[in-house]
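For reference, the structure discussed in these notes is given below.
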Amino acid sequence: MASFVLERIIPAPIERVFALSLDVGVHVESMAAHDERIVAGTGAETGAGRMGEGDTVTWDARHFGIRFRMTSLVFDVDEPRAFSDRQIRGPFAAFRHVHTFDVVPAGTLMRDEIEFRSPFGPLGRLVDALVMRRHLILLIQQRNDTLAAQAVAP
């Protein structure tokens, strides 16, 4: 499986950063450039809400000029320290995102650990190495930029 880790210190309390990380509205705002929307699950009717243990959300977005749908399941919620989500339906052969949060002198250290595998065996591994890893890093950075801005807003 391909993987990467991103870390960011956000000058805000851990409880706030954790809550914003589970907020579907923040996620949708962060993916506006990809016309992302919620089509089922938490937030489907309002575009807002906080995910919790066992919740699912189906996202619909445009990447590489193609519309994709992905259903994610939230699990292992340990507020305010960690939670995970994984794809249960969608374009990846496998996708898992572990979110961890630690208090540091400057605020909260937010850590994203992503493991993923595209379908189609060797061809998928080539796509992961040449395109997908970089694309996913940019997506998570966009999400984190939005989350950080909201966390420090008054």
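The values are calculated or read from the model by the stated rules, or taken from the named source; none is laboratory data. Because the structure is a prediction, the values reported are computed rather than measured. Cβ: placed from backbone, ideal geometry, glycine included. Neighbour counts: every protein chain shown. Note: accessible area is taken over every heavy atom of the protein model, side chains too, but ligands, DNA and RNA are not part of it. Shrake-Rupley method; radii C 1.70, N 1.55, O 1.52, S 1.80 Å.
Overview of results
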quantity: Once exposed loop chymotrypsin sites (Phe, Trp or Tyr not before Pro) are cut out (DSSP; at most 14 other Cβ, 10 Å), longest piece of the chain; calculated: 1-63
quantity: Spin-label pair A153/A94, simplified geometry with 7 Å Cα→Cβ offset, distance in nm; calculated: 3.7 nm
quantity: Net +/- balance of residues flanking R37 in space, Cβ distance below 14 Å, scoring K and R +1, D and E -1; calculated: -2
quantity: Share of carbon and sulfur in the accessible heavy-atom surface of the chain [1.4 Å probe, %]; calculated: 56 percent
quantity: Gyration tensor (Cα) of the chain, equivalent ellipsoid semi-axes in angstrom; calculated: 24, 18, 15
quantity: HN-Hα J in Hz across region 19-29 - Karplus 6.51, -1.76, 1.60, θ = phi - 60°, x for Gly and Pro; calculated: 4, 5, 5, 9, 8, 5, x, 4, 4, 4, 4
quantity: Environment charge at A48 (Cβ cut-off 11 Å; Lys +1, Arg +1, Asp -1, Glu -1); calculated: -2
quantity: Net charge of Cβ neighbours under 14 Å - reference D60; Lys, Arg +1; Asp, Glu -1; calculated: +3
quantity: Accessible solvent surface per residue of region 96-140, calculated while the other protein chains remain in place, 1.4 angstrom probe, Å²; calculated: 56 Å²
quantity: Additional length obtainable on full extension of the chain from E29 to I9, 0.36 nm per residue less Cα span; calculated: 5.2 nm
quantity: Neighbour-limited loop hits for GluC sites (Glu not before Pro), region 1-101 (at most 15 other Cβ within 10 Å; DSSP other than H, G, I, E, B); calculated: E45, E53
